[in-house]
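> The structure under discussion is supplied below as structure tokens; questions concerning it will follow.
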Amino acid sequence: MPERLSARRAIALVADEFAELTCTTREFGPDGPLSWPGYDASRARAAARTGEDESVLCGTARIEGTDAVLIAFEFGFLGGSLGGRTGDRLEAAYLHAREHRLPVVSLIATGGSRMQEGMVALTQLQRVARQSVLTREAGLPQVAVLRDPTTGGGWATLGAGADVILALPGAQVGFAGSRVRPADADPAAYTAEAQVAAGAADAVVPEEELRATLGRWLRLLTAPSAEPAPPPGPLGATDLPATGWDAVWRARSPQRPRAQRYLDTYFTDRVAISGDRCGGTDDGMLCGFGAHQGRTVAYAAQTGTATRPAGYRTAARLIRLADRLGIPVLTLVDTPGAANDAEAERLGVGAAIAEVFGAVAAARTPVTTLVIGEGGSGGALALAAPGNTWVTPDSYFSVISPELAAAILKRPSEEVEATAGQLHIRPQDLEDLGIARTRK
């Protein structure tokens, strides 16, 4: 179990400067809205123990040079629980963020809603959700840091509802807190590490790296740009393939540069998002934000494998987030096609591909695509930008693989190579068709 940080220690861990916001909070009668016996005494003891008068501190902060609204929970004050006055403070913090165009960073440590205020406490989650939505619609990023513990409604609103979710190592994270989950539940499932593995959070970050990591995220997420991302230059072959089958073999070569190398060359700095927020991850889809020639570009890059449903959903999440923040998107296409096994079907691969098609189609921010290897059917086309797709000389793009095209047409295997030519899948063919431009 990690050491639990107080709210002020958590703030000091990440902020260069911090100024607490003041706001008017509601007044309750003796022992709160439910007249809960001993509630006032419990609050007084919590205040004496922590030096705070409520379970959350809200203020403005400078984090590695970027101004933000900072929310920090004090778990020592009645378990960091949300009550009516907590909701008042959180609402005021979000209002301040929108008024001053500031990102919101939440350092969460909470056991959920406050029992002594009953439904008054529980309905604060609706207030928080409303403020989060309004802030999202205003085009302002929200970053959550999950401390120990992050459970209940705090996880289900401020935490899981954030655009980027980071967590401290070993933190207890889950909707069900330790006192309400089944007795035989596996405790390992309720950890920061488990949430990242399940695609519900983006990364586990050690305390000593948290300030710098938050600083990088905030710099990248608060730098909108109306200009399209320029396509990377080719890192492999520069001459065009002679035949369709030559194009296929080049794209499938183990020596061909892959997405990781393109990203390393293109960006001077980058941070990754991970997971589809539906229980899945896909190592074959790399997504995140990076700095290119002094400005932020979002990226979604296939790595040459058959893309899983979680990969498509993560890419769609990335594109929608970039669109809200006004950040241009670069997609790198490299897949033999979407995963077509039974498990992929059970996980909704068709619906996941549809999400990406929809995200690209709806994007107001410019999207640039470079095909760097195999462009296999709709599983590749989903990431391609209509009118702004480029292809490298060692890539191809096809309605389906030549082997499967021959099978559909009931052709013998010896006609696969000829079929590749008939499909017009070479870079120069795609340019002639007006589908893409060759990147040389």
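Readers should treat all values here as calculations from the given coordinates under stated rules, not as data from a laboratory. As the structure is a prediction and not an experimental result, all values here were calculated from the model. Cβ placement follows ideal geometry from the backbone for every residue including glycine, while neighbour counts extend to all protein chains displayed.
> Using 0.36 nm per residue, how much length does the chain from A189 to Q260 gain when fully extended, once their Cα-Cα distance is taken away?
Length gained between A189 and Q260: 22.5 nm.
> Still on this model: In debye, nearest 20: dipole of the range 1-107 around its Cα centre with unit charges on the Cβ of K, R (+) and D, E (-)?
Computed about the Cα centre, the dipole is about 180 debye.
> Among 287-295, 16-24, how do they line up by average Cβ neighbours within 10 Å per residue, starting with the highest?
287-295, 16-24
> Could I ask something else about it? Starting with the fewest neighbours, write out E374, E208, E74 ranked by other beta-carbon atoms found within 10 Å of each beta-carbon.
Ordered by Cβ neighbours within 10 Å, fewest first: E208, E74, E374.
> Any idea which of A338, G76, L102 is furthest toward the positive side of the dipole for the chain, if Lys and Arg beta-carbons carry +1 and Asp and Glu beta-carbons -1?
So the residue we want is L102.
> At what distance in angstrom do the alpha carbon centres of the range 95-138 and the range 315-388 lie from each other?
32 Å
> How much FRET efficiency would the formula 1/(1 + (r/R0)^6) give for D341 and V399, where r is the Cβ-Cβ distance and R0 is 25 Å, rounded to 0.05?
Efficiency for this residue pair is about 0.75.
> What does the charge count near G244 come to, summing +1 for each Lys or Arg and -1 for each Asp or Glu among other residues with Cβ under 9 Å from its Cβ?
So the surrounding residues net to -2.
> To the nearest 20 debye, what charge dipole does the chain have about its Cα centre, counting +1 at the Cβ of each Lys and Arg and -1 at the Cβ of each Asp and Glu?
Dipole size: approximately 580 debye.
> In what order do D334, D40 fall by count of nearby beta-carbon atoms within 10 Å, going from fewest to most?
D40, D334
> Can you give me the distance in nm between label points at T123 and K410, each placed 7 Å from the Cα along the Cα-to-Cβ direction?
Label at T123, label at K410, 6.8 nm between them.
> Taking only complete DSSP H runs, can you tell me which helices of the chain stretch 18 Å or more along their own long axis by Cα positions and average at least 0.5 on the Kyte-Doolittle scale?
For the chain, where a helix must reach 18 Å along its axis and average at least 0.5, the hits are 349-362.
> Taking the Cα centre of the chain as the origin and placing charges on Cβ (Lys, Arg +1; Asp, Glu -1), which of G139, A385, G38 is farthest toward the positive end of the dipole?
G38
> Would you mind counting up the charge near T268? Only other residues with Cβ under 13 Å from its Cβ, with Lys and Arg at +1 and Asp and Glu at -1.
So the environment of T268 carries a net charge of +2.
> Local charge sum around V164 (other residues, Cβ-Cβ under 12 Å, Lys/Arg +1, Asp/Glu -1)?
Around V164, the charge tally is +1.
> Right, here's the next one. Which of A436, P366, G174 sits closest to the plus end of the dipole of the chain, meaning its Cα is farthest towards the positive end, when Lys and Arg get +1 and Asp and Glu get -1 on the C-beta?
Projecting each Cα onto the dipole axis, the largest value belongs to P366.
> Given a Förster distance of 56 Å, report the FRET efficiency between A354 and L34 from their Cβ-Cβ distance, rounded to the nearest 0.05.
0.75
> Per-residue ellipticity at 222 nm for the chain, helices alone: DSSP H runs ≥ 4 residues times -39500 (n - 2.57), over residue total, nearest 500 deg cm²/dmol?
Mean residue ellipticity, 222 nm, calculated: -10000 deg cm²/dmol.
> Rounded to two decimals, what is the ratio between the C-alpha radius of gyration of the chain and 2.2 N^0.38 Å?
1.12
> About the Cα centre of the range 7-221, how large is the charge dipole given +1 on each Lys and Arg Cβ and -1 on each Asp and Glu Cβ? Please answer in debye to the nearest 20.
The calculated dipole for the range 7-221 is roughly 260 debye.
> Using mean Cβ contacts within 10 Å as the protection proxy, how do 198-205, 365-372 order, highest first?
My ranking of the peptides, most packed first, is 365-372, 198-205.
> Given points 7 Å out from each Cα along the Cα-Cβ axis, report the R295 to A361 separation in nanometres with one decimal.
Reported label-point gap for R295 and A361 is 2.8 nm.
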